[in-house]
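The numbers here are math on the coordinates, done by the rules we state, and not lab data. This structure is a prediction, so every number in the text was calculated from the model and none was measured. Neighbour counts are summed over all protein chains in view; Cβ atoms, including those assigned to glycine, are modelled from backbone coordinates with ideal geometry.
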Amino acid sequence: MLLRLAYLGVTNAFALLRLLPMSDRDKDVKILALRHQIAILERQLGDARPRFSPGDRAFLAALLHRLPVATLRRLRLLVRPETVLRWHRDLLARRHAVRSRPKRPGRPRTIRSIRLLVLRLARENSAWGYRRIHGELLVLGIKIAASTVWQILEDAGIDPAPERTSTTWSTFLRSQADALMACDFFETSTLSGTRLYVLAVIEHASRRIRILGATAHPTAAWVTQAARNLAMDLDDAGSTARFLIRDRDGKFPALFDTVLADAGIQVVLSGVRIPRMNAIMERWIRILCRSKSHRRW
């Protein structure tokens, strides 16, 4: 044991003597290299062979490439000094390749402030196409090509002006809710088993339901009288409804539409086999049919 301690003391003494001719910078480099290698070993604890990531190689190469090979050999490195120098040559080669790479061909990208202005004009003015936006930019003193405006809109996923200005049926129904009503028949049964046809009207704005009546035989005269009753009720309530959506059911006679037209209400027919055109009324009837209260009157 005494011999081993003496050997370690002599070894440490020679190690300290080797540090004497080294400058402070070289000592710092050596300490950093040793600490980084310890971090690599701790990160890969249990692996048979340490693996250096590209970042590890770049760090050690940049740190140690200026030291002489003789100094590198005296350092306790996990790799040979030649390997560190090869890493440094590869690092310089990649850097030179990036710098010598030709610039991206084509026109430079439009500055961000102009692109934001184009997108703002397109969103705030849905009827403007790319040519109209291009003209407004010229008025503001911004000189870019019309094709550049088109490309900015295309990259942002903004549809052309005709598609942005087109109004869907659901959008129309929401925007004109105060002036719209819808009506339809639905069937129910009494406790005696009699089948009745119920005519109902719904106001789009308030979702108020008006039951115009129920009958086992919805004749033309009965439906026409229901239209007269509806017109009087709306007049008494001061309703602003001006359109009534209905389907093409044969139970509605031509006189039904005439009575409502005389009251200032235009009848709008839904398309053939397109129940979504009268979606609000259809949805209410579906909910009613699923409930238990409608099954028996």
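Using the crude model of +1 on Lys and Arg Cβ and -1 on Asp and Glu Cβ, and no other charge, please compute the dipole size for region 112-165 relative to its Cα centre, in debye to 20.
Approximately 200 debye in magnitude.
Would you mind listing how long region 172-290 runs along its three principal axes, going by Cα atoms, in whole Å with the largest first?
Principal extents (Cα only, largest first): 42, 29, 28 Å.
Once region 112-165 is represented by equal point scatterers at the alpha-carbon sites, with solvent omitted, what log10 I(q)/I(0) does the Debye formula produce at q = 0.14 Å⁻¹?
Log10 of I(q)/I(0), two decimals: -0.28.
Express the relative contact order of region 112-165 as a whole percentage, based on alpha carbon pairs under 8 Å and six or more residues apart in sequence.
Relative contact order here is 43 percent.
About the Cα centre, and with charges only on the beta carbon of Lys, Arg (+1) and Asp, Glu (-1), how big is the dipole of region 172-297? Nearest 20 debye, please.
In total the dipole reaches around 720 debye.
Whole-Hz Karplus ³J(HN,Hα) for region 129-134, in order, using 6.51 cos²θ - 1.76 cosθ + 1.60 and θ = phi - 60°, x for Gly and Pro?
3J(HN,Hα) across region 129-134, in whole Hz: x, 5, 6, 5, 5, 4.
Could you work out how far the C-alpha centroid of region 110-151 sits from that of region 236-252, in angstrom?
So the separation of the two Cα centres works out to 45 Å.
For region 172-290, build the charge dipole from Cβ charges (+1 Lys, Arg; -1 Asp, Glu) around the Cα centre, then report which of 224, 180, 279 sits farthest towards its positive end.
It is 279.
Would you please give the FRET efficiency between residue 215 and residue 289, computed as 1/(1 + (r/R0)^6) with r the Cβ-Cβ distance and R0 = 22 Å, to the nearest 0.05?
The value I calculate is 0.70.
Towards the positive end of the charge dipole of region 231-271, with charges on Cβ (+1 Lys, Arg; -1 Asp, Glu), say which of 264, 241, 253 has the farthest Cα.
253
Taking R0 as 45 Å, what's the FRET efficiency between residue 91 and residue 113 from their Cβ-Cβ distance, rounded to 0.05?
In this case the efficiency is close to 0.75.
Nearest-5 percent of antiparallel DSSP beta bridges in region 172-290?
Expressed as a percentage, antiparallel bridges in region 172-290 total about 70.
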